[in-house]
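Single-structure report; data block below.
Please treat every number below as a calculation from the coordinates, not as lab data. On a predicted model such as this, the values are computed, not experimentally measured, just so you know. Cβ atoms come from the backbone with ideal geometry, glycine included; neighbour counts cover every protein chain shown.
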Amino acid sequence: MKFLRFGPGDEHVLKCQEARKNLSELLEETPLLTPDLLHHIQRHLEACPPCGAFMDTLKATVRTLQSMPSQQVPESLRRALRSPPNDGR
Ligand SMILES: [Zn+2]
């Protein structure tokens with residue numbers, strides 16, 4: 001009886017921890033991940049319901065943050081952004 005052997009491509013099967021570590025990158029417009037890794041993470045999400053649910057939560061959180069009014073920006077930060085750059089020559 002033969003043992004099941006993983007092909008070379010399967011060595012990259014991600015663990016949940018590794019997948020979740022990179023989930024936030026998936027939400028970026030330009031993910032800093034290789035297309036190969038992106039593909040594996042997406043595959044993992046499809047195959048792993050807990051991670052899929054985690055991704056949904058993450059997406060919802062990001063959407064909430066983006067929909068927050070800009071008044072939530074601290075006054076000190078807004079003042080810093082508004083003050084002209086100090087290179088007046
Ligand atoms: Zn998982």
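The simple Förster model, with R0 at 22 Å and r as the Cβ-Cβ distance, assigns VAL62 and CYS16 a FRET efficiency of 0.65. With only Cα atoms counted, segment 8-81 has Rg and Dmax values of 16.3, 55 Å. Each of MET55, MET68 has some number of other Cβ atoms within 10 Å of its Cβ, and from fewest to most they run MET68, MET55. With a Förster radius of 30 Å applied to the beta-carbon distance between GLU75 and SER24, the computed FRET efficiency rounds to 0.60.
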